[in-house]
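Working notes for the structure below.
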Ligand code: UDP
Ligand code: MG
């Protein structure tokens with residue numbers, strides 16, 4: 001017989017007033033039939049719609065509910081980080097508050113963990129209620145990311161996953177500001193396995209990840225995992241130089257064979273200048289991105305600030 005373990009469910013939320021009550025109910029339903037101890041750690045990422053107050057009220061009434069209130073909105077990835085840092089469980093499940101990640105999948109995830117896997121990620125068998133553009137971009141992103149970062153991030157896995165205490169402890173050591181949690185939980189290694197689920201549509205409210213924000217996360221993910229774009233710029237530079245050498249040779253030959261023909265051509269000069277200017281700006285811009293990373297990481301500011309943790313302030 002296994003001794004009871006504690007599972008912490010970390011749920012970052014931003015203005016999810018209509019989702020949280022249903023989420024709590026469904027999580028309760030999952031654990032009613034199981035013998036684990038559990039805690040629902042709701043991380044308020046600067047909500048302004050009263051959902052934080054609702055959560056605090058629950059924490060007062062229900063010993064399974066704990067609320068971590070960040071001092072402002074720090075973004076989804078940092079809210080997850082805050083939850084992982086403070087979670088006490090033997091295993092930690094991270095999931096969204098909008099019920100796109102069905103709480104009922106937690107049961108099979110815990111079963112896999114009990115079999116000995118340290119990371120159990122949930123793979124979307126299908127995705128309801130998302131635009132084709134988002135699905136298309138997501139599919140493209142995962143392919144590019146895997147290829148560039150050399151980290152085998154499973155396709156179609158969001159942040160919904162279970163990680164063992166030993167992985168949580170490793171993740172706590174990683175203090176980079178621009179973080180892509182899905183990538184990091186794969187990067188750590190250990191024994192990983194997946195379970196499948198059907199991704200539901202958002203239960204209530206609006207997505208907090210419009211396409212531009214997703215694009216920024218994708219860019220953050222790539223530049224924090226891979227320096228390959230810098231190598232590409234170098235390769236591009238070499239390619240352009242080779243073209244230039246061939247061109248110079250051509251010009252020299254023409255000057256001998258066909259004197260006078262080289263006097264025309266200011267239009268082609270401008271075309272080449274504009275092209276080279278563009279190449280240089282792209283290179284500089286890419287370099288700038290990495291330098292700004294160094295700048296931001298170098299400041300070593302705290303990743304997030306906690307305003308309240310009901311574990312320490314129960315009243
Ligand atoms: N979220 C957050 N902080 C943010 C944006 C989002 O904590 O700055 C939470 C949000 O409340 C939800 C989860 O992150 O629980 C995923 O966000 P959302 O459902 O809007 O993203 P999508 O599923 O549309 O990609
Ligand atoms: Mg969602």
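Any read-out appearing in this document is the output of simple, stated calculations on the displayed coordinates, not a laboratory observation. Just so it is clear, the structure is predicted and the values come from calculations on it, not from any experiment. Note: ideal-geometry Cβ built from the backbone for every residue, glycine included; neighbour counts use all protein chains shown.
What to note about this one:
- Relative contact order of the stretch 1-101, defined on C-alpha pairs under 8 angstrom at six or more residues apart (%): 44 percent
- Axis angle, to the nearest 10 degrees, between helix 76-86 and the longest C-alpha principal axis of the chain: 50 degrees.
- Percent RCO, i.e. relative contact order, over the stretch 172-291, from Cα pairs under 8 Å lying at least 6 residues apart: 30 percent
- Relative exposure of 186, 241, judged by other C-beta atoms within 10 Å (fewest first): 241, 186
- For the pair the stretch 136-175 and the stretch 239-289, the centres of their Cα atoms are 42 angstrom apart.
- Dividing the mean sequence gap of close Cα pairs (under 8 Å, 6+ apart) by how many residues the chain holds gives a relative contact order of 22 percent.
- Just checking the listed ones, 44, 35, 88: in the Gaussian network model of the chain with Cα springs under 10 Å, the one fluctuating most is 35.
- Ordering 296, 36 from the fewest to the most neighbouring beta carbons within 10 Å gives 296, 36.
- Just checking the listed ones, 37, 73, 15: in the Gaussian network model of the chain with Cα springs under 10 Å, the one fluctuating most is 37.
- Gaussian network model of the chain, springs between alpha carbon atoms under 10 Å - residue of 122, 55, 234 with greatest fluctuation: 234
- Estimated at 0.36 nm per residue, the fully extended path between residue 176 and residue 214 surpasses their Cα-Cα distance by 11.8 nm.
- Helical contribution to [θ] at 222 nm, DSSP H n ≥ 4, -39,500 (n - 2.57), averaged over the chain, rounded to 500: -16500 deg cm²/dmol
- At 1.306 mPa s and 10 °C, Stokes diffusion of the chain via Kirkwood alpha-carbon radius, µm² per second: 72 µm²/s
- Whole-Å distance, taken between Cα centres, linking the stretch 292-313 and the stretch 24-51: 24 Å
- Degrees between helix 51-61 axis and first principal axis of the chain (Cα, 0 to 90, nearest 10): 30 degrees
- Ranked 109, 155, 181, criterion: other C-beta atoms within 10 Å, fewest first: 155, 181, 109
- Angle in degrees between helix 228-257 and the longest Cα principal axis of the chain, rounded to the nearest 10: 10 degrees
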